[in-house]
2 protein chains.
Amino acid sequence: MNLSLPSETIFHVIESSIKEYRKFAQKNISEKIKDMTIDQGMVLLFLNEHPDLSQKEIAELVFKDNASMTRMINTMVQKKHLKRSMNPKDRRRYKIEITNKGKKVLETLPPIIHYNRKSSLKGITKNELNQLETILDKIRTNCTKT
Amino acid sequence: MNLSLPSETIFHVIESSIKEYRKFAQKNISEKIKDMTIDQGMVLLFLNEHPDLSQKEIAELVFKDNASMTRMINTMVQKKHLKRSMNPKDRRRYKIEITNKGKKVLETLPPIIHYNRKSSLKGITKNELNQLETILDKIRTNCTKT
DNA sequence: ATCATATAATTGATATATCAATTATATTTA
DNA sequence: TAAATATAATTGATATATCAATTATATGAT
């Protein structure tokens, strides 16, 4: 079987780019906010726009499973960025609220994220971004529909 | 600050596509080989082509850090896919050898991986793959050189 | 050769990933 | 309505991710 090594495939290139972006973004966040990961930051951003999200819904948005999300929110509650309260309309799901401490983070975070996105996409045209999205979507669809 | 949500960015699309590929690939591997992850499979493929790789070098190829690689190889040794032996030329690094059990896996793995790659890239032209690589490389470079 | 520095691998601590099983509550169906 | 089924979240077990500190060995400079 004549198989090229994983390092020579497009998947390697995809992994590499997203991992470098994450490393870069995390570094810039850590410089300004201590003890805050990208994923935790994203949870805050999502909850800020959509306060009624359940843990399960947040999990999907940040590509985690329910178990990971339970534990992730546990630590964010411990660190006092979030508060869990009961949801009387559906007692299976919690209401997740952002605390004042969490809101403070939300004042600092957006400019950093804006910088991360902007500088990592420097020199890339709108057209290229569209191409990128189109092709990656084909891969995604192939993997989910096959 | 007017920041679009993470789910609306190209980074979300990149994450999504690579995660779906991994899920798809893992599922197809698990159907044929029990107790074998994609990453462990890649370690076997790399070692098969380049038997002199150190743990550190393997780690870089599969985007792990040294600590993760130590533990990953621990479990692969436990499962008898690999064997650690001393490297007399440089006693800081091990020689990692593939066992007979590991070699058996290497007979089963390539056709599965070939199928994974082929079907996930179905309908995507060579030209599109080149575009994809070029654009992703720009992102990677922006993140590492900034 | 000696000492300072660099490198490969390990370990500890904590967080996250993943799967399967479980609990509590809602919803659907007979 | 009662029973079956579905859903949200949790928990346990194990693997992996990440950072900092440590150990053992190599390499370089004086």
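Bear in mind these aren't lab numbers, they're just calculated from the coordinates by the rules spelled out. What you see is a predicted model; the values in this text were computed from it and never measured. Note: ideal-geometry Cβ built from the backbone for every residue, glycine included; neighbour counts use all protein chains shown.
Descriptive notes on the structure:
- Ranked A:Phe63, A:Phe46, criterion: other C-beta atoms within 10 Å, fewest first: A:Phe63, A:Phe46
- When the protein assembly as shown is described by a simple charge dipole with +1 on each Lys and Arg Cβ and -1 on each Asp and Glu Cβ, the residue from A:Asn48, B:Pro88, B:Thr125 located farthest towards its positive end is B:Pro88.
- Shown for A:Glu97: label points 7 Å from Cα along the beta-carbon vector, and their distances to the equivalent points in the other copies, 6.4 nm in ascending order.
- Rounded, prolate or oblate (a/c below 1.5 giving rounded, otherwise prolate when a/b exceeds b/c) for segment B:6-118 by Cα gyration tensor: oblate
- Distances between placed amide hydrogens fall under 5 Å for A:Lys95 paired with A:Ser85, A:Met86, A:Asn87, all partners being 5 or more residues away or on another chain.
- 3J(HN,Hα) couplings calculated from phi for segment A:72-80 with the Karplus curve 6.51 cos²θ - 1.76 cosθ + 1.60 (θ = phi - 60°) are, in sequence order, 5, 5, 3, 5, 5, 6, 4, 7, 6 Hz; Gly and Pro show x.
- 3J(HN,Hα) along segment A:112-117: 5, 5, 4, 4, 4, 5 Hz, from the Karplus curve 6.51 cos²θ - 1.76 cosθ + 1.60 with θ = phi - 60°, whole Hz, x for Gly and Pro.
- Set of lysines with alpha-carbon distance to A:Lys118 below 21 Å, sequence-local pairs under 8 removed: A:Lys19, A:Lys23, A:Lys27, A:Lys32, A:Lys126, B:Lys138, B:Lys145
- Inter-chain Cβ neighbour average for residues A:19-27, partner chain, 10 Å: 4
- Test item: A:121-131 mean partner chain Cβ contacts at 10 Å: 4
- Chain B: calculated mean residue ellipticity at 222 nm from DSSP helix runs of at least 4, using -39500 (n - 2.57): -22000 deg cm²/dmol
- Coupling constants for segment A:66-71 follow from the phi torsions by the Karplus curve (6.51 cos²θ - 1.76 cosθ + 1.60, θ = phi - 60°), and in residue order they are 4, 4, 4, 5, 3, 6 Hz; glycine and proline get x.
- Placing a label point 7 Å from Cα along the Cα-to-Cβ direction at A:Lys122 gives distances to the equivalent points in the other copies of 4.1 nm, listed shortest first.
- Mean separation of Cα contacts under 8 Å (6+ apart) over length of chain B, as relative contact order %: 20 percent
- Label point of B:Met86 (7 Å along Cα→beta-carbon): distances to the other copies' equivalent points are 6.5 nm, sorted ascending.
- Cross-link reach is defined here as a Cα-Cα straight distance under 16 Å, omitting same-chain residues fewer than 8 places apart; for B:Lys34 the aspartates and glutamates meeting it are B:Glu107.
- For the segment B:106-114, counting C-beta atoms of other chains within 10 Å of every residue's C-beta and taking the mean gives 2.
- The magnitude of the dipole of chain B, with charges of +1 and -1 set on the Cβ of Lys/Arg and Asp/Glu and taken from the Cα centre, is near 700 debye.
- Between the residues A:Tyr21, A:Asn116, A:Thr75, the greatest Cα displacement towards the positive end of the dipole of chain A, with unit charges on the Cβ of Lys, Arg, Asp and Glu, is found for A:Thr75.
- Pairs of alpha carbons in the protein assembly as shown whose separation is greater than 22 Å (percent): 65 percent
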